[in-house]
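Visitor: Structure incoming, see below.
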Amino acid sequence: MINRVLRAALAVAAICVFASPATAALFGDDVARKQVAEQQKRVDELRQVTEGLASRLARVEEDAKAQPVLALSAEIQKLRDEIRTLRGEIETLANNIEGVAKRQRDMYVDLDQRLRRFEQPAPPAAAPSTSAPQGDAGKPAAAPGAAANEENEAYERAQGQRRIGNYPAAIVAFQAFIAKYPKSPLAPRAQYWIGDSQFNQRDYKNAIASQQKLLAAYPDSNSVPDALLNLASAQLESGDSASARKTMEGLIARHPASEAAEKARRRVANLR
C-alpha cells in the first residue's frame, strides 16, 4: 500500500514537471513557476505523508513481531510463579503427610503394645511321659505344647505381615488363623487386626463389617474397646459422621476407663 502511494505521488510530480513548459507557454512564466512550486510543495507533502506512513508501518510490523514474544514471555513468567507456588504447597503437604504418617505409626505401635499385654502365649505343657499317648491309628498324638507353639507361630506370622505393611497378606493369614483356631484366645485379636488392616487399605466397608463381626462373636473380649474405636474411624472416613459419633458415645458409656474411650472423647469433642 505504501509503495502504491509513493508511486502515485511521484507520478503526479512528474506530470507537473513535464507539463510546466506547456503551461508556461499558455499562461506565462510567472504562472508556470507558481504552479510548479505548488506542485512541488504537494509532492513534498505527499512524500512526507508517505514517509510517515512507512514509519508507522514499520512500527506496526515491529509491534506485530514483538507482541507474541512479549505475551509468551509474560505467560511463561506467570507459569513459573504458579509452579513455584505449587512446589511450595507440595512441600508443605509432603511435610504434613510425613507428620501424619509418623503419628499413625506411633499410634499403631502403642496400640500393638497394649494389645500384646493380652496376647499371652499358652502355658507350656507338662513334660510328656515315657509312654506317649497313642492316637486312633496307633501313632503318637501331638503334644499339647507343640500345638500351642504352632498356634502362636501362626499368629506371629500374620502379625509379621501386618507390621511390614503387607496388609493383604496379613488379612489372609489372620483369616486362616481364625479358621484353624476358632477357640483360640488370640482369635479376637486376629479378627481385630483383620478390620484394622482393611482400614489401612482404605477398605472402610469391609473394615466396618470385620469389627462388627468381632463385637458379635467376642462381646466380652478385651479387644472390644479398640474395635469400637476402629469401627468409628471407618464410619467417619466413609462419611457417616452420625454413626461414628454414636459408636464413640457407646464406647465411652460402656468402657469409660479404657484408653480407647479417652481417644473417643477427644474425637467426639472435635466433631462438635
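Visitor: With the cut-off at 23 Å, report for the range 151-272 the share of all Cα pairs above it, as a whole percent.
Guide: 29 percent
Visitor: What length, rounded to one decimal in nm, is gained on full extension from Ala216 through to Asn149, with 0.36 nm per residue of separation minus their alpha-carbon distance?
Guide: 21.3 nm
Visitor: Then there's this: Rounded to the nearest 0.05, what FRET efficiency do Lys183 and Arg157 have when you use their Cβ-Cβ distance and R0 = 22 Å?
Guide: The formula returns an efficiency of 0.70 here.
Visitor: Could you give each residue of the range 192-201 its phi-based ³J(HN,Hα) in whole Hz, using Karplus coefficients 6.51, -1.76, 1.60 with θ = phi - 60°, and x for Gly or Pro?
Guide: So the J values, rounded to whole Hz, are 4, 5, 4, x, 5, 5, 5, 4, 5, 8.
Visitor: Here's a follow-up. Place a label point 7 angstrom from the Cα of Asn206 along the Cα-to-Cβ direction, then list the residues of the range 230-265 whose backbone nitrogen is under 16 Å away.
Guide: 234
Visitor: What dipole magnitude, in Debye to the nearest 20, does the range 151-272 give about its Cα centre under +1 on Lys/Arg Cβ and -1 on Asp/Glu Cβ?
Guide: 260 debye
Visitor: Then there is this: At a Förster distance of 22 Å, what's the computed FRET efficiency of Glu237 paired with Arg266, Cβ-Cβ distance as r, to 0.05?
Guide: Calculated transfer efficiency: 0.85.
Bear in mind that the values in this text are calculations on the coordinates, not laboratory data. No experiment lies behind these values; they were computed from the predicted model shown. So basically every Cβ, Gly included, is an ideal-geometry build from the backbone, and we count neighbours across all protein chains shown.
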